[in-house]
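The values are calculated or read from the model by the stated rules, or taken from the named source; none is laboratory data. Keep in mind the model is a prediction, meaning the values are calculated, not measured. Counting neighbours? That spans all protein chains shown, and the Cβs are built from the backbone with ideal geometry, glycine included. SASA here: full protein model, heavy atoms, side chains in, ligands and nucleic acids out. Shrake-Rupley method; radii C 1.70, N 1.55, O 1.52, S 1.80 Å.
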Amino acid sequence: MELQDDNAELFMKEAVKLARNNLSTFEGGPFGAVIVKDGVIVGRGANSVTSLNDPTAHAEIMAIRDACKNLNSFQLEGCEIYSSCEPCPMCLGAIYWARPSKLFFAASREDAAKAGFDDSYIYNQVSLPPHERDLSTVKLNPAEAIAVFTEWIGLEAKTPY
């Protein structure tokens with residue numbers, strides 16, 4: 001469903017309001033996100049990295065968790081995500097896994113970098129083969145892991161995603 005421009009602006013204002021709220025609560029960085037389905041906000045999230053001691057508690061992740069709980073679904077088909085800032089690589093990956101229909105963002109990754117939230121290093125590292133990344137990465141026991149995938153393929157009672 002394509003939203004009217006004024007509704008999109010209102011949803012983005014809500015995401016930015018969540019980001020701004022963190023300036024006074026100090027629960028995390030200045031990021032907010034909302035998830036909308038059929039013109040209704042079904043999920044909200046603000047960055048809570050420092051208050052939860054959880055490096056994955058970014059606004060988009062928190063909003064995805066909230067929306068999935070509220071919709072009783074592990075996917076967000078038919079939903080739109082409004083983020084106060086262009087999602088980082090982790091959040092972008094989670095957004096793709098959640099499968100919403102559209103993503104809107106306000107500030108760019110360059111704007112975030114100017115405020116001290118520079119994800120360019122991670123963007124660059126992700127595109128490298130594992131053996132070229134700065135993080136030492138070692139492949140162990142691939143046969144055992146592949147056996148689990150083989151078993152998964154043969155399962156009839158599974159929920160594909």
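Tabulated values for the structure
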item	result
Where a residue in segment 98-110 is over 21 Å from Leu10 (Cβ atoms) and among the aromatic types (Phe, Trp, Tyr) and its partner, wherever it lies, is assigned to a strand (DSSP E or B) and open to solvent by 50 Å² or more (accessible area, probe 1.4 Å), with Cβ under 8 Å and at least six apart	none
Meets criteria (assigned to a helix (DSSP H, G or I), free of Cβ contacts under 8 Å to residues at least 40 places away in the same chain and of a type in the set (S, T, N, Q)) for Thr137	no
Ala94 vs. criteria in a loop (DSSP other than H, G, I, E, B), open to solvent by less than 30 Å² (accessible area, probe 1.4 Å) and either within 21 Å of Met12 (Cα to Cα) or modelled with pLDDT of 95 or more (or both)	no
Selection within segment 37-79 - within 21 Å of Ile122 (Cα to Cα) and free of Cβ contacts under 8 Å to residues at least 12 places away in the same chain	Asn53, Asp54, Pro55
Segment 97-113, residues that are assigned to a helix (DSSP H, G or I) and among the aliphatic types (A, V, I, L, M)	Ala98, Ala112, Ala113
Residue in segment 110-129 that is buried (at least 16 other Cβ atoms within 10 Å of the Cβ), of a type in the set (A, V, I, L, M) and either touching a strand residue (DSSP E or B) at 6+ places or on another chain (Cβ under 9 Å) or at pLDDT below 95 (or both) present	yes
Yes/no for Thr50 being in contact with an Asp or Glu (Cβ under 8 Å, 6 or more places away or on another chain), hydroxyl-bearing (Ser, Thr, Tyr) and at pLDDT 95 or above	yes
Residues of segment 34-54 satisfying the condition of being part of a loop (DSSP other than H, G, I, E, B) and under 14 Å from Ala19 (Cα atoms)	Asn47, Ser48
Any hit, segment 101-109, residues being farther than 18 Å from Gly28 by Cβ and in contact with a Phe, Trp or Tyr (Cβ under 6 Å, 6 or more places away or on another chain)	yes
Matching residues, segment 147-161, being loosely packed, with under 10 Cβ neighbours inside 10 Å and outside any loop (DSSP other than H, G, I, E, B)	Val148, Phe149, Thr150, Glu151, Ile153, Gly154
